[in-house]
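See structure below.
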There are 2 protein chains.
Amino acid sequence: MTSELAFIQALRRIATHPGARGLDDDCAVIEFGGEALVLTHDAMAEGVHYLPEQDRADVAWKLVASNMSDLAAKGADPVGVLLGYTLGRDDDRFLAGLQEALAHYNAPLLGGDTIAAPEGQVLGLTAIGRATHRPVPSRKGAKAGDTLWITGPVGAAMLGLEALLSGVGDSTAYRRPQGLIEEGKALAPHVTAMMDVSDGLLLDAARMARASGTTLAIESTAVPLATLEDRLAEALRWGEDYQLLFTMPSDAEPPIPAHRIGRAVPANPAPVILDGQPLTEKDGLGYQHT
Amino acid sequence: MTSELAFIQALRRIATHPGARGLDDDCAVIEFGGEALVLTHDAMAEGVHYLPEQDRADVAWKLVASNMSDLAAKGADPVGVLLGYTLGRDDDRFLAGLQEALAHYNAPLLGGDTIAAPEGQVLGLTAIGRATHRPVPSRKGAKAGDTLWITGPVGAAMLGLEALLSGVGDSTAYRRPQGLIEEGKALAPHVTAMMDVSDGLLLDAARMARASGTTLAIESTAVPLATLEDRLAEALRWGEDYQLLFTMPSDAEPPIPAHRIGRAVPANPAPVILDGQPLTEKDGLGYQHT
């Protein structure tokens, strides 16, 4: 079996269309009828992306929310979704969670395909959006001198999963993450680069840095945490909080509440500098596709 | 486990958007930037929709072609595709077939998601198209008095699968079906209703009849066959030939070669009349979602 990373790299070699940035966890952006159409597709497998015993209403919610978060990073309004569904257990719970999430995001179900499969459940969701601002934000635009910001705390999903597994505490942040559509639309006219944090702050910052040809210097004391301070290292590497990470010109202030956590500096061999310490992907920055 | 049909019916109750016709094997059609955006999603599972030992290049081809056939029935030009891919065996063969099919249809890979899953491979493809004619053809527009046509023979995929399984004969029609994009675009301005035949001529004709509120009377001797006459009954019920089935006003002639196989008549309890014999879904019209 090919590794996931090798396969994604091979797909990227095929995907030569100028709007084809939508592999892995970014969106494609294409011109359609004089507007910018934003497209993203996420897949989730039982036992990999969700627990076999997890409430399927929460699974449906997260499937929708993670796609909405991709749209949010483009400053896009949801237009609708298409669902690829493998029949499994508790299909009625899945439907209930799907309907709830789609109503929350005002994202109509436009189509899809339902199949029976002999083993294992795999879910796919394609989300379609309409960009509300041109140029459409991307992870590529950070420039040395820009300030670096995040919309809210990291580590909440980590605590939520621990609560779900232990049965103690509030698991909402893990079960019902939020895609920050309104925040993304408000930020889009002001940012130089933007992406959602799905695989961990340090790893996603490294991706933004690599795409932009810069290095991002982060001050850990400035990063808002959902956890106690002693779990900082984990919280910086844990994904699924779906906060928006963005850069702005140094003299600009974001139009919504956000936390300034660092700045972009001239490119350095390390994509991220944490408290003065250069870090590369080899240092374990977050969830890695193996 | 919910039945596939029950789940699709439940999804249809959620899908209240006026453009949301894209459940099961039809496309969604929505307004975007003053144009009609056509969207479809197909999922395929190993062991259900393709043989575990089948060449993954052929599997990729069919995944693309079946989606392109959905676009063809709307008279749409391909804009691009998003792929949901579960890593499996022969991923390099899948990539080769994908690249070949996408080049054939001039449909760029715009995005997608690759996942590792513990068991069984499930593939998903979302195809995006641009309608070339308004109103966009649907399966709903057939009227009593219209003539009924098909673009080419049925039964070819059936013979192709038999050739593949036996190792004797030509399996191309099963392995490498064609989505009739150019034919769909040529027909779109002239048809009253159109759809692709993916689940069998009689079953898909019954769907067109039900959607249109009419009955379709078919003369079996007029149906072009890829098989010998003694397999007529099977060929009328076998899918995956991806021919286009369409109706036209009685005085119109199609702009491309096609076969006139019957006509629309006033609605009757049976959606299809074959050689004077009323047939309903209970008579076994083709591949049924169970």
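Does B:Leu63 meet the test of being modelled with pLDDT of 95 or more and closer than 17 Å to B:Arg139 by Cβ?
On the way: modelled with pLDDT of 95 or more: yes; closer than 17 Å to B:Arg139 by Cβ: no.
Judged against the criteria, B:Leu63 is not a match.
If you filter region B:1-25 down to residues that are assigned to a helix (DSSP H, G or I) and more than 7 Å from chain A (Cβ to nearest Cβ), you find that the one that is modelled with the lowest pLDDT is B:Leu5.
Please verify whether B:Asp55 is modelled with pLDDT of 95 or more, surrounded by fewer than 23 Cβ atoms within 10 Å (Cβ to Cβ) and farther than 28 Å from B:Ala131 by Cβ, treating the condition exactly as stated. Walk me through it before giving the result.
Working: modelled with pLDDT of 95 or more: yes; surrounded by fewer than 23 Cβ atoms within 10 Å (Cβ to Cβ): yes; farther than 28 Å from B:Ala131 by Cβ: yes.
Spelling it out, B:Asp55 is indeed modelled with pLDDT of 95 or more, surrounded by fewer than 23 Cβ atoms within 10 Å (Cβ to Cβ) and farther than 28 Å from B:Ala131 by Cβ.
Taken across region A:38-48, residues that are within 11 Å of chain B (Cβ to nearest Cβ), touching a Phe, Trp or Tyr at 6+ places or on another chain (Cβ under 8 Å) and surrounded by fewer than 24 Cβ atoms within 10 Å (Cβ to Cβ) do occur, with at least one present. Of everything listed in (1) surrounded by fewer than 17 Cβ atoms within 10 Å (Cβ to Cβ); (2) within 20 Å of A:Thr221 (Cα to Cα), the single unmet condition for A:Ser166 is (2).
Looking only at region B:6-25, residues that are open to solvent by less than 10 Å² (accessible area, probe 1.4 Å) and touching a His at 6+ places or on another chain (Cβ under 8 Å) come to 2 in all. Residue pairs whose Cβ atoms lie under 6 Å apart, separated by 6 or more positions or on different chains, with the first residue in region B:46-70 and within 12 Å of B:Glu240 (Cβ to Cβ) and the second part of a helix (DSSP H, G or I), are B:Tyr50/B:Val59.
If you go through region A:48-91 and pick out every residue that is over 18 Å from the mean Cα position of the chain (by Cα) and not in a strand (DSSP E or B), you end up with 12. Within region B:63-86, the set of residues being under 24 Å from A:Arg12 (Cβ atoms) and open to solvent by less than 10 Å² (accessible area, probe 1.4 Å) comprises B:Leu63, B:Val64, B:Ala65, B:Asn67, B:Met68, B:Gly80, B:Val81, B:Leu82, B:Leu83, B:Gly84, B:Tyr85, B:Thr86. The residue of region A:256-270 that is nearest to A:Asp70 (Cα to Cα), among those that are open to solvent by 70 Å² or more (accessible area, probe 1.4 Å) and outside any strand (DSSP E or B), is A:Pro257. Checking each residue in region A:112-130 for being open to solvent by less than 20 Å² (accessible area, probe 1.4 Å) and of a type outside the set (Asp, Glu) picks out A:Gly112, A:Thr114, A:Ile115, A:Gln121, A:Val122, A:Leu123, A:Gly124, A:Leu125, A:Thr126, A:Ala127, A:Ile128, A:Gly129. With respect to the conditions (1) open to solvent by less than 20 Å² (accessible area, probe 1.4 Å); (2) away from chain B (no Cβ under 14 Å); (3) at pLDDT below 95, A:Lys140 lacks only one, and its number is (1). Here B:Gly152 meets the list (1) within 30 Å of B:Ala233 (Cα to Cα); (2) in contact with a strand residue (DSSP E or B) (Cβ under 7 Å, 6 or more places away or on another chain) almost entirely, failing just condition (2). Applying the condition of being farther than 8 Å from B:Trp61 by Cα and within 9 Å of chain A (Cβ to nearest Cβ) to region B:95-107 and asking which residue is surrounded by the most Cβ atoms within 10 Å (Cβ to Cβ) yields B:Leu102. Filter region A:225-255 down to the residues that are surrounded by fewer than 16 Cβ atoms within 10 Å (Cβ to Cβ) and either among the β-branched types (Val, Ile, Thr) or in contact with a strand residue (DSSP E or B) (Cβ under 6 Å, 6 or more places away or on another chain) (or both) and list them by number. Listed by number, the list holds a single entry, A:Ser250. State whether the residues of region A:26-34 include one that is surrounded by fewer than 23 Cβ atoms within 10 Å (Cβ to Cβ), under 14 Å from the mean Cα position of the chain (by Cα) and either facing chain B (nearest Cβ under 7 Å) or touching a residue at least 24 places away in the same chain (Cβ under 8 Å) (or both). Checked against the condition, which is being surrounded by fewer than 23 Cβ atoms within 10 Å (Cβ to Cβ), under 14 Å from the mean Cα position of the chain (by Cα) and either facing chain B (nearest Cβ under 7 Å) or touching a residue at least 24 places away in the same chain (Cβ under 8 Å) (or both), region A:26-34 yields at least one hit.
For region B:271-287, the set of residues classified as in a loop (DSSP other than H, G, I, E, B), in contact (Cβ under 8 Å) with a residue 60 or more places away in the chain, open to solvent by 20 Å² or more (accessible area, probe 1.4 Å) and closer than 22 Å to B:Lys143 by Cβ consists of B:Thr280 only. Residue under question is A:Thr214, and the condition is that it be out of contact with any Ser or Thr (no Cβ under 7 Å at 6 or more places or on another chain) and open to solvent by 70 Å² or more (accessible area, probe 1.4 Å); does it hold? No.
The values are calculated or read from the model by the stated rules, or taken from the named source; none is laboratory data. If you're wondering where the values come from, they're calculated on a predicted model, not measured in any experiment. No Cβ is skipped: glycine too gets one built from the backbone with ideal geometry, and neighbour counts run over all protein chains shown. Calculation scope for accessible area: heavy atoms of the full protein, side chains included, ligands and nucleic acids excluded. Shrake-Rupley method; radii C 1.70, N 1.55, O 1.52, S 1.80 Å.
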